[in-house]
Amino acid sequence: MRAVLCETLGDPSVLKIVDLPVPEPKAGEVLIRVRAAALNFPDVLMVAGGYQHKPALPFIPGMEAAGEIVALGDGVAGWVVGERVIFGKRPGCFAEYVAAPADALSMKVPEGWSFVEAAAFRVGATTAYNGLVHRAGLKRREVLLVHGATGGVGMAAVQLGKHLGAHVIATGGDDAKLEVVRAQGADFTINYRTTDFVPLVKSLSDGRGADVIYDPVGGETFERSLRCAAFGGRLLVIGFTSGNPSALKSNHILIKCLSVIGVRAGEHARHHRPFADDYARELPGLAAQGVMRPHISHRFALERVAEAMDIIQQRKVVGKAVLEI
């Protein structure tokens with residue numbers, strides 16, 4: 001089988017396409033013929049050695065994909081050969097075949113969805129659900145501010161936030177991309193490159209500020225968000241696509257009684273099994289309703305994985321980029 005291999009850390013140009021044996025599923029594993037695998041910013045960071053999870057070299061990158069079950073290991077129940085499935089493995093998804101634990105299979109591919117859409121669902125949907133439902137407890141008519149809304153994780157939060165009945169304000173750095181976000185359900189969009197989002201968020205919320213702030217960007221964006229958070233607001237730390245973590249001033253947190261909450265959907269589910277059960281129960285229904293159907297702006301062949309990662313680094317993706325395998 002063909003697979004992407006990272007033998008040394010660095011920029012995406014270090015990646016190679018190699019031929020490897022097709023893996024045999026062990027007990028409790030499922031062998032999947034991968035049809036599409038989505039790219040995420042952590043994939044780029046992992047190849048560069050800048051992500052918190054640092055797999056031993058060499059490794060196959062990729063953390064979410066979709067395909068067809070071709071074989072079952074001993075003891076696997078509830079799945080059958082031929083089913084179209086969405087799954088995750090961190091890392092290991094950028095290959096023609098993947099042997100994954102049966103509990104890494106998230107759900108069947110929704111009716112009417114392509115493999116490309118299905119591959120791009122898992123990370124954004126679980127992060128948005130864990131952040132907005134489990135961690136922040138977003139309520140109807142609350143104000144939700146989503147930074148990085150033109151990316152896959154941010155766009156999923158816009159879609160889910162609107163479904164939950166919130167007033168959704170979304171930020172991004174490109175007007176054309178923000179038009180896509182508005183079509184996905186945002187009530188108001190802000191280009192942070194041309195407009196100071198802090199006073200505008202206050203104005204759009206009758207001076208109160210945002211009840212929940214969902215931030216995959218980090219850095220100065222998160223620090224400035226404290227100024228437009230409502231009293232008792234919840235600030236969700238999703239990631240640091242800006243390249244830098246934030247240096248928070250505790251006076252704002254104290255004065256406004258703010259909660260700063262870390263969101264790691266997969267890790268949270270590993271520590272608290274009921275959250276994983278919640279994903280398995282709720283996300284298929286939300287997908288079937290089209291609540292968090294991914295927007296795909298770029299598709300690449302497996303051999304163009306370095307180009308695909310470069311596109312992500314250059315902030316050219318709207319929603320998700322996917323490798324078609």
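Every number here is computed from the coordinates shown, using simple stated rules; none is lab data. All values derive from a computational prediction rather than experimental measurement. Using ideal geometry, Cβ is built from the backbone for each residue, glycine included, and neighbour counts are taken over all protein chains shown.
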- Task: On a C-alpha basis, how far is the centre of region 137-155 from the centre of region 1-52 in Å? Whole number, if you could?
- Result: 30 Å
- Task: Pick out, from 60, 168, 285, the residue whose Cα sits farthest towards the positive end of the charge dipole of the chain, with +1 on the Cβ of Lys and Arg and -1 on the Cβ of Asp and Glu.
- Result: 168
- Task: Run the dipole for the chain about the Cα centre, Lys and Arg Cβ at +1, Asp and Glu Cβ at -1, nothing else charged, and hand back the magnitude in debye, nearest 20.
- Result: 880 debye
- Task: Please get the size of the charge dipole for region 124-267, origin at its Cα centre, with Cβ charges of +1 on Lys and Arg and -1 on Asp and Glu, quoted in debye to the nearest 20.
- Result: 380 debye
- Neighbour-limited loop hits for GluC sites (Glu not before Pro), region 81-147 (at most 16 other Cβ within 10 Å; DSSP other than H, G, I, E, B): 83, 111
- Top of 283, 20, 45 by mean-square fluctuation, Gaussian network on the chain, Cα under 10 Å: 20
- Out of (1) 15.6; (2) 17.1; (3) 28.3, which label holds the value of mean projected area of the Cα convex hull in nm² that was computed here? (1)
- Query: Is there a pair in 16/177; 89/320; 54/89; 54/249; 162/249; 139/249 whose C-alpha atoms are over 20 Å apart, and which pairs would that be?
  - Reply: 16/177; 54/249; 162/249; 139/249
- Using a/c under 1.5 as the rounded threshold, could you call region 124-267 rounded, prolate or oblate? The axes a ≥ b ≥ c are square roots of the C-alpha gyration tensor eigenvalues, and prolate needs a/b larger than b/c, oblate otherwise. rounded
- Message: Rounded to the nearest 5, what % of DSSP beta bridges with both residues in the chain are antiparallel?
- Response: 55 percent
- Message: Skipping prolines and chain starts, which residues have an amide H placed within reach, meaning under 5 Å, of the one on residue 142, given they are 5 or more residues away or on another chain?
- Response: 167
- Task: Could you tell me which of 137, 200, 188 has its Cα farthest along the dipole of region 124-267 towards the positive end, charges placed at Cβ (Lys, Arg +1; Asp, Glu -1), taken about the Cα centre?
- Result: 137
- If you take every DSSP beta bridge whose two residues both sit in region 124-267, what share of them, in percent to the nearest 5, is antiparallel? 0 percent
- Quick shape check on region 131-212: root eigenvalues a ≥ b ≥ c of the Cα gyration tensor, a/c under 1.5 is rounded, otherwise prolate if a/b tops b/c, else oblate, and it reads oblate
- Under the Karplus relation with 6.51, -1.76 and 1.60 and θ = phi - 60°, whole-Hz ³J(HN,Hα) for region 201-207, x at Gly and Pro, equal 4, 4, 5, 6, 10, 6, x
- Query: Amide H to amide H, which residues 5 or more places from residue 210 or on other chains are under 5 Å from it, using H placed in the peptide plane?
  - Reply: 229, 230
- Task: Report, in debye and to the nearest 20, how large the dipole of region 41-148 comes out about its Cα centre when Lys and Arg carry +1 and Asp and Glu carry -1 on their Cβ.
- Result: 580 debye
- 222 nm mean residue ellipticity, helices alone, for the chain (DSSP H n ≥ 4; -39,500 (n - 2.57); rounded to 500): -8000 deg cm²/dmol
